[in-house]
Structure formats: structure tokens, C-alpha cells
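Working notes, structure below.
The values are calculated or read from the model by the stated rules, or taken from the named source; none is laboratory data. All values reported here derive from a predicted model rather than from experimental measurement. Note: ideal-geometry Cβ built from the backbone for every residue, glycine included; neighbour counts use all protein chains shown. When the accessible area is computed, the model is the full protein with side chains, heavy atoms only, and any ligands, DNA or RNA have been set aside. Shrake-Rupley method; radii C 1.70, N 1.55, O 1.52, S 1.80 Å.
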Amino acid sequence: MGRLVMKFGGTSVANIDRIRNVARHVKREVDAGHDVAVVVSAMSGKTNELVEWCREASPMHDAREYDAVVASGEQVTSGLLAIALQAIGIQARSWQGWQIPVRTSDAHASARILEIDGSEIINRFKDRKEVAVIAGFQGINPQTNRITTLGRGGSDTSAVAIAAALHADRCDIYTDVDGVYTTDPRVVPKARRLDKIAFEDMLELASQGAKVLQVRSVELGMVHNMPVFVRSSFDKPEDIDPHGTPPGTLICSEEEIMESHVVTGIAFSKDEAQISVRQIEDKPGVAASIFGPLADANINVDMIVQNVSEDGKTTDLTFTVPASDYNRARDTITSSKAKIGYIRLDSATDVAKVSVIGSGMRSHAGVAAQAFKALSERNINIRAITTSEIKFSVLIDAAYTELAVRTLHTLYGLDKT
């Protein structure tokens, strides 16, 4: 017997039949003797609908009222699942973020969790064996007493944070895929599911474009050493042994993985834009004059490449930003032209970032060089490169994304045997 947090995403609770299916998953774990808390997302498509309603009401809407509206999606799901559990004889009660409470910062629509008091839920586990059905994605700011939301994908973050607060043995993330793969199986049919992956590797995969988990949820798992198990909600509940290990991927500390591969996986993102600031005077403070205004505008800069001219008098700076921030980034640089002193501004949106990730790179030389050679043999031009201890990324033309991913996946032996 143990304590579990089970999280179900929007597709898993998309309608009443699927909510009943979730209830059977929960019943299986309750019948096995576990204390169970369930974290739910809004029903599939509902958050988008609520966001659109806010925009229709006013394009410049109040962020506090936006949170009040969009948080209602999870409130509906938590109540419906509690009803479905009660209908099959499971004692359950729904909880909103403010009732627990999940205390957050006051950054509406992108709040960060500060503290969770799980004592009341733990007491109900002991006294009533009651299942807690918790609305994910939301909390409350203790200063203003207003509902806050954690940003898109925030239910994953809620689940891992609640698991840590409840001292759970594990946090199970149920989704529409059966685990974490070496890359997107839709691009590489030979991609294989990983049985285990280290927090660090998963953090890089998530931040470089893999859509399985939200980055902040992986960060929380690593900070609290909370094992996270990614599994499918579409497996039949009655076919799963609650005491066995179902298909899925365990995200855990590196020490729990007997042998790490040199390369764990390949991630890619087409939501990139490249900006090149040409012929800037090469002097101290130039980079700050470019990246300072971008930071002030809350625009994240990723890959940065600097080239100095032969005479050493001017330099070119190339960097990438999320495609959604492309226009704002260009406008920000243009408005600072006099201060920066550049001659020309070039940009491109038809680019993609491909990242190779693996903890094993720490102890193996030449991993990146192999990739550069393989890509050149495919006539794929590399626009920019960034590296870290367990990852390197290349920026290429978007048209070559799938070819690059397949080439690298095979190069590092990640294809199914």
C-alpha cells in the first residue's frame, strides 16, 4: 500500500464516458489499498474556448478576470469526476486550488507555486479513505486572495507539486501516449518507448520541444526527487495489475538508472525564428544593448552566435526567439537601433531547432561531431549551434526537420531493434 497522485489530461476527461473510464482507473488503485489524490485538467478544448471568450469580451482583458474564467474548466472536471467516483461506490470529494490551498505568486496566467498545505487531504486519507479530486492548473495568491492560474500545461505542474506536498510515493501522469519516446513516433516510426529516463534528460527533452510533459513539472520532480510515471489513460483499467508495472516511462534520478545511453533522445521544435543583427561596432556593452530590451519585453532568447569581422571592428549577432515572439522581438530591436548602432537586420521564420540529448555525453567525446558529419552528408546546412554538458542543438531550415531527426535517430542507434 502507498500514496499516489494520478493526473489526467484533457483528452482523458474529454467527455462523460472518458471521465467514467478515469473513475475506473482510480477505483483500481483505491481497491489495491492506496491513498489516492487525482489532479484533473479541463475537458479537451474547453480551455481554448474559455480563452477565446475572454478575447471576444475584450482583447485587452483584465488578467485577474481571465484567471477567474479559465480556471472554471478544471472546476467542472473535478466535480464531474467526484460524482462519477461516488456513483461506483468510492468516497470522493472535489477540491479547488484555493481550498487546499495552493499558494502562488500574483503573476496571473503564469503564476508560480510558492507553497501547498496538504495536511487536510492527508487527514482525510487517514480518517475517511477519501479520494481527493483536485482541479489542476490553479491556485490562490495569499496577498490578493484572487484565483491564479499556472500557464498552459500547468496541471502537470500542479500534480507533481501536490505529490510532493502529500509525500506521495509516485506521481502518475496519464495521457494519450503510453510513455516518453526517443523522438516523436509520427516522424520516426522506429522510435522506441523508454522504460526510464533521468530528470535532467527529460528536462532537456521537454524544454527543446517534446510535448509529453510541461517543463516546470519536470523541474519540480527533480527538486523534490518525486518519481513521475508517464502512462496511457486509454489502457483498459481492468487489465492493469495495480501491483505490477504497466507500460510507461518512469522519470527518476540518474542513480536509479543502471546504464545510461550516450544519447537518450532527439527533440525538435519548428516554433523558432532567427534574427541576425549585422555590422554592429564591436565594443563592450553591445550584447547588453540588444538583449537588455528583449529581456525587458519578456522575450526569451535561445541560441546565440556571434561572428567578428576580419578587421575586428564590427560584429554580427544571430539569435533565436520563439516564433510567437518574432514580431515583438523585431520591433524591440528596431526601436533600439540608434542605441545598438547596427547597419542591417535580417530574419527568418522558416527554421527549426533539432536537439540531441543524453547524460552519457558527459563521458563521451565526439558525439556532436558525428552529427555534423551525418547532416552534411545529407546536404543539411547548419545555421547555428549551441552546446551544453548533456545536449547540443542545431538550427536548420525547417524543410529538413524530419530528415535531420530521422538521420540522427539512426546515427545514435535509437531505432527499435
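Quick notes on this structure:
Residues are listed down the side, and each one gets a yes or a no for (1) without any contact (Cβ under 8 Å) to a residue 60 or more places away in the chain; (2) within 19 Å of ILE173 (Cα to Cα); (3) open to solvent by 50 Å² or more (accessible area, probe 1.4 Å):
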| site | (1), (2), (3) |
| --- | --- |
| ILE88 | no, no, yes |
| THR104 | yes, no, no |
| GLY139 | yes, no, no |
| SER158 | no, yes, no |
| ALA163 | no, yes, no |
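- Test for ARG24: is it of a type outside the set (A, V, I, L, M), in contact (Cβ under 8 Å) with a residue 40 or more places away in the chain, closer than 21 Å to PRO242 by Cα and in contact with a Leu (Cβ under 8 Å, 6 or more places away or on another chain): no
- Unmet criterion (only one of (1) among the hydrophobic types (A, V, I, L, M, F, W, C); (2) over 25 Å from ARG124 (Cα atoms); (3) in contact (Cβ under 8 Å) with a residue 40 or more places away in the chain) for VAL30: (2)
Quick grid of which residues meet (1) open to solvent by 40 Å² or more (accessible area, probe 1.4 Å); (2) assigned to a helix (DSSP H, G or I); (3) among the hydroxyl-bearing types (Ser, Thr, Tyr); (4) closer than 22 Å to VAL133 by Cβ:
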residue: ARG152; (1), (2), (3), (4): yes, no, no, yes
residue: VAL177; (1), (2), (3), (4): yes, no, no, no
residue: PRO185; (1), (2), (3), (4): yes, no, no, no
residue: GLU200; (1), (2), (3), (4): yes, yes, no, no
residue: GLY209; (1), (2), (3), (4): no, no, no, no
residue: LEU213; (1), (2), (3), (4): no, no, no, yes
residue: ASP235; (1), (2), (3), (4): yes, no, no, yes
residue: HIS261; (1), (2), (3), (4): yes, no, no, no
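Conditions (1) under 27 Å from ALA206 (Cα atoms); (2) in contact (Cβ under 8 Å) with a residue 40 or more places away in the chain; (3) surrounded by 14 or more Cβ atoms within 10 Å (Cβ to Cβ); (4) of a type outside the set (D, E, K, R), marked per residue:
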position: ALA267; (1), (2), (3), (4): yes, yes, yes, yes
position: ALA273; (1), (2), (3), (4): yes, yes, yes, yes
position: GLU281; (1), (2), (3), (4): no, yes, no, no
position: ILE304; (1), (2), (3), (4): yes, yes, yes, yes
position: VAL308; (1), (2), (3), (4): no, no, no, yes
position: ASP311; (1), (2), (3), (4): no, no, no, no
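A quick yes/no check of all residues on (1) at pLDDT below 90; (2) in contact with a Cys (Cβ under 8 Å, 6 or more places away or on another chain):
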{"position": "ARG192", "(1), (2)": "no, no"}
{"position": "ALA210", "(1), (2)": "yes, no"}
{"position": "VAL218", "(1), (2)": "no, no"}
{"position": "GLY221", "(1), (2)": "no, yes"}
{"position": "HIS224", "(1), (2)": "no, no"}
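- Meets criteria (among the aliphatic types (A, V, I, L, M), within 28 Å of the chain's Cα centre (by Cα) and more than 20 Å from GLY9 (Cα to Cα)) for ALA135: no
- Applying the criterion of at least 2 residues that are in contact with a Lys or Arg (Cβ under 9 Å, 6 or more places away or on another chain) and among the polar types (S, T, N, Q) to the helices (runs of 4 or more DSSP H) found wholly in the stretch 23-87 leaves 72-87.
- Options ILE197, ILE147: the member that is in contact with a strand residue (DSSP E or B) (Cβ under 7 Å, 6 or more places away or on another chain), more than 29 Å from ILE266 (Cβ to Cβ) and of a type outside the set (D, E, K, R): ILE147
- Only one entry of ALA295, ALA287 meets the criterion of being open to solvent by less than 80 Å² (accessible area, probe 1.4 Å), at pLDDT below 90 and in a helix (DSSP H, G or I), and that entry is ALA287.
- Scanning the stretch 54-69 finds one or more residues that are of a type in the set (Gly, Ala, Ser) and within 18 Å of GLN99 (Cβ to Cβ).
Table: residues versus (1) farther than 28 Å from GLN91 by Cβ; (2) aromatic (Phe, Trp, Tyr); (3) modelled with pLDDT of 95 or more.
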| position | (1), (2), (3) |
| --- | --- |
| SER110 | yes, no, no |
| ILE121 | no, no, yes |
| VAL133 | no, no, yes |
| PHE137 | no, yes, yes |
| THR149 | yes, no, yes |
| GLY154 | no, no, no |
| ALA163 | no, no, yes |
| ALA168 | no, no, yes |
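- Residue match in the stretch 121-136 (condition: crowded, with 20+ Cβ neighbours inside 10 Å and over 19 Å from LEU4 (Cβ atoms)): no
- Residues satisfying the stated conditions in the stretch 20-46, i.e. among the charged types (D, E, K, R), surrounded by fewer than 19 Cβ atoms within 10 Å (Cβ to Cβ) and over 16 Å from GLN86 (Cβ atoms): ARG28
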